[in-house]
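I have placed the structure first, in the form of structure tokens, so that the comments after it can refer back to it.
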Amino acid sequence: MATAARSIDNDTQAEAIHNEAVVVRFAGDSGDGMQLTGGQFTLSSALAGNDFATFPDFPAEIRAPQGTLFGVSAFQINFGSTEITTAGDAPDVLVAMNPAALKTNVKDLKPGGLIIADSGEFNARNLAKAQYEVNPLEDDSLGKWQLVHFNISQLTMDAVKPFGLGNKEALRCKNMWTLGLALWMFDRDRAPIEQWLRDKFAKNPILADANIAALNAGHAYGETAEIGQPGTVAIPRQHVDAAPAEAGLYRTINGADAAALGLIAGCQLAGVKMFFGGYPITPASSILHALARYKEYGVTTFQAEDEIAAIASAIGASYAGQLGVTSSSGPGIALKTEAIGLAVMTELPLIIINSQRGGPSTGLPTKTEQSDLYQAVYGRNGDAPLPVIAARSPGDVFDCTIEAVRIATQFMTPVMLLTDGYIANAAEPWKVPDMADYKPFPVTFRTEAQEGGFKPYGRDEKLARPWVKPGTPGLMHRIGGIEKEVDTGHLNYSPANHQAMTDIRKGKVDGIAAHIPDQDVCLGTEGGKLAVVGWGSTFGPIHQAVRKARAKGLDVSHIHVRNIWPMPSNLGDLLRKYDRVLVPEMNTGQFKTVLRDQYLIDAKPLNKVSGQPFRIAEIEAAIEETLA
């Protein structure tokens with residue numbers, strides 16, 4: 001829970017309000033450094049031992065017109081002393097660096113929440129850009145919230161004046177001034193941020209000193225700003241205790257970094273090197289950036305000229321005996337589709353990571369959605385089945401990626417891993433796992449022909465064909481996209497052969513269900529009045545909504561599906577134990593349709609396609625309505 005701002009006198013100023021969880025949103029122009037501010041505040045939350053979840057939200061334009069409504073960049077963090085699984089429904093504190101940031105975000109602030117605004121940016125020009133007819137800091141339009149405003153721009157310039165910076169460079173320190181105030185508000189240590197600044201600007205110590213001066217000035221202002229003066233609202237100081245956690249090594253991780261580490265770990269467990277062929281696209285580009293730092297682990301990264309070349313190079317790497325990996329978002333996956341079919345036909349291991357975003361077409365490049373599920377499960381010409389796995393959180397991406405590598409190499413098939421814009425960019429604390437706890441699944445390359453001659457499309461008990469490095473003596477075979485003959489791999493157009501090969505490819509993927517865990521119930525009981533079934537990044541809000549509903553005595557359970565295709569063997573029987581099934585997803589009902597098709601159950605949709613994650617309250621209300 002969070003406490004609204006309140007006036008406090010000098011005697012109680014030093015006593016911080018203790019909260020279990022607080023939601024803070026930093027918002028400003030896309031050039032104000034809000035993502036950097038949020039990232040460093042996240043670091044301070046991690047060092048304070050809080051559990052947290054973040055939600056970076058920024059425009060698609062590299063630099064949108066300054067001061068405009070569509071150029072606002074925001075960063076939200078929910079941190080607390082209890083388990084945190086979402087970035088929070090409504091902020092307790094909104095830091096608005098200009099009128100546009102205030103207008104686009106204030107509607108989300110909870111009643112009684114605190115607004116901290118930079119009055120120096122609320123001039124006539126910026127107010128007009130934000131479509132304000134009058135200054136909201138001076139009328140009663142913000143009356144249902146606590147409001148504190150001061151000229152952060154001028155205060156920053158005063159703080160960095162001794163360093164001789166020009167106005168433009170001086171104002172770039174505003175985000176550090178704001179961060180300093182936030183660190184004071186939540187009783188945080190400045191030393192790690194100061195060290196980060198010195199490292200960041202090691203080649204320009206004047207900039208480091210200026211930013212540190214701005215940081216310290218913001219912190220000092222929190223201690224002295226009009227506290228206790230009649231007719232003012234004080235800035236409350238709040239303290240959030242550390243969250244209980246298992247002993248171990250922790251780090252902050254986002255979905256892109258988790259995917260990179262998971263791919264490396266999976267290849268180590270499989271005993272193969274990795275080739276990553278990618279093409280830049282939001283929000284998938286960060287995986288390429290991350291992997292480029294790990295050459296010492298046998299990782300080769302290649303930025304291709306387009307999406308088709310990226311996946312074609314990855315398929316070539318798999319044919320050559322490395323694990324080919326590619327990643328993209330929905331539009332890029334569409335371009336890769338024909339080549340995915342080639343990987344299905346050649347039966348080569350391949351990892352395809354789809355960081356979903358809003359669509360169709362170019363759509364909403366920096367917003368989140370789950371609208372590529374049909375594309376992942378069905379979206380190829382011909383019958384071209386492949387396994388699909390969906391991660392539920394940034395940390396979960398690590399394990400899902402290892403599982404994708406295991407399935408791809410053990411079953412000789414391409415595998416698609418679904419994340420989304422929220423998972424790719426959001427961060428959470430992650431306990432670094434002990435890799436000794438992971439069972440290796442070493443790859444075996446065929447080096448000799450079996451008795452009776454080499455059969456490149458012969459099968460093992462999993463229906464997987466052998467993996468042969470090109471040039472292996474005596475094991476030459478055909479490769480390509482034209483239909484293969486059973487066992488031999490020769491070209492064969494006959495109806496009976498195509499029927500047999502289609503059935504084999506389908507049977508191989510269907511058979512993976514026997515090699516994945518049974519579906520469990522995340523929260524609740526096996527059977528009852530209602531199951532809320534989710535997949536992907538809806539995990540956090542569903543879990544909290546079901547927890548709240550159960551606390552009210554409602555008979556509801558949470559089931560979250562990782563293996564989208566094939567689905568766990570017991571999932572149909574499990575879902576039939578509930579009177580009703582509700583499926584929240586950020587699309588128009590795609591997984592709901594798959595569940596209805598596979599299990600003939602009357603699954604009901606709860607859909608959201610706003611580019612924003614679900615709120616806990618939205619799912620909680622749907623639960624109550626469904627059970628009513």
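The values are calculated or read from the model by the stated rules, or taken from the named source; none is laboratory data. Bear in mind the structure is a predicted one, so any value in this text is a computation, not a measurement. All Cβ positions, even for glycine, are placed from backbone atoms using ideal geometry, and neighbour counts span all protein chains on display. The area values use the complete protein model at the heavy-atom level, side chains included, leaving out ligands, DNA and RNA. Shrake-Rupley method; radii C 1.70, N 1.55, O 1.52, S 1.80 Å.
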Quiz prompt | Those residues of segment 309-328 which are of a type in the set (S, T, N, Q), farther than 23 Å from Ala424 by Cβ and not in a helix (DSSP H, G or I), in sequence order | solution = Gln322
Quiz item: Within segment 312-329, is there a residue that is of a type in the set (Phe, Trp, Tyr), modelled with pLDDT of 95 or more and open to solvent by 10 Å² or more (accessible area, probe 1.4 Å)?
Solution: yes
Self-check item: Flag for Ala426 being over 30 Å from Met476 (Cα atoms), among the small types (Gly, Ala, Ser) and touching a helix residue (DSSP H, G or I) at 6+ places or on another chain (Cβ under 9 Å)
Solution: yes
Quiz prompt | Condition met for Gln612 (modelled with pLDDT under 95 and open to solvent by 30 Å² or more (accessible area, probe 1.4 Å)) | solution = yes
Quiz item: Within segment 76-110, how many residues turn out to be assigned to a helix (DSSP H, G or I) and of a type in the set (Ser, Thr, Tyr)?
Solution: 1
Exercise. Among residues belonging to segment 55-75 that are among the hydrophobic types (A, V, I, L, M, F, W, C) and assigned to a helix (DSSP H, G or I), point out the one that is most open to solvent (accessible area, probe 1.4 Å).
Key: Phe70
Exercise. Give Asp573, Asp597, Asp602, Asp579 a once-over and let me know the one that is surrounded by fewer than 16 Cβ atoms within 10 Å (Cβ to Cβ), closer than 30 Å to Thr362 by Cα and more than 26 Å from the chain's Cα centre (by Cα).
Key: Asp597
Quiz prompt | Near pairs, Cβ below 7 angstrom, 6+ apart or cross-chain, from segment 406-417 (among the basic types (Lys, Arg)) to any residue that is open to solvent by 10 Å² or more (accessible area, probe 1.4 Å) and modelled with pLDDT of 95 or more | solution = Arg406/Phe441
Quiz item: Is there any pair with a first residue in segment 112-124 that is farther than 21 Å from Leu171 by Cβ and a second that is part of a loop (DSSP other than H, G, I, E, B) and of a type in the set (Ser, Thr, Tyr) whose Cβ atoms are under 9 Å apart and which are 6 or more apart or on different chains, and what are they?
Solution: Gly112/Thr3
Quiz item: Do we have any residue at all in segment 100-112 that's open to solvent by less than 30 Å² (accessible area, probe 1.4 Å), under 23 Å from Ala217 (Cβ atoms) and touching a Ser or Thr at 6+ places or on another chain (Cβ under 9 Å)?
Solution: yes
Quiz item: Mind checking which pairs have a first residue in segment 460-478 that is small (Gly, Ala, Ser) and a second that is surrounded by fewer than 17 Cβ atoms within 10 Å (Cβ to Cβ) and in a loop (DSSP other than H, G, I, E, B), Cβ under 7 Å, 6 or more apart or different chains?
Solution: Gly474/Ala449
Quiz item: Taking Thr502, is it surrounded by 12 or more Cβ atoms within 10 Å (Cβ to Cβ) and under 24 Å from Asn354 (Cα atoms)?
Solution: no
Exercise. Name every residue in segment 345-379 that is open to solvent by 20 Å² or more (accessible area, probe 1.4 Å), touching a residue at least 40 places away in the same chain (Cβ under 8 Å) and among the β-branched types (Val, Ile, Thr), in order of residue number.
Key: Thr366
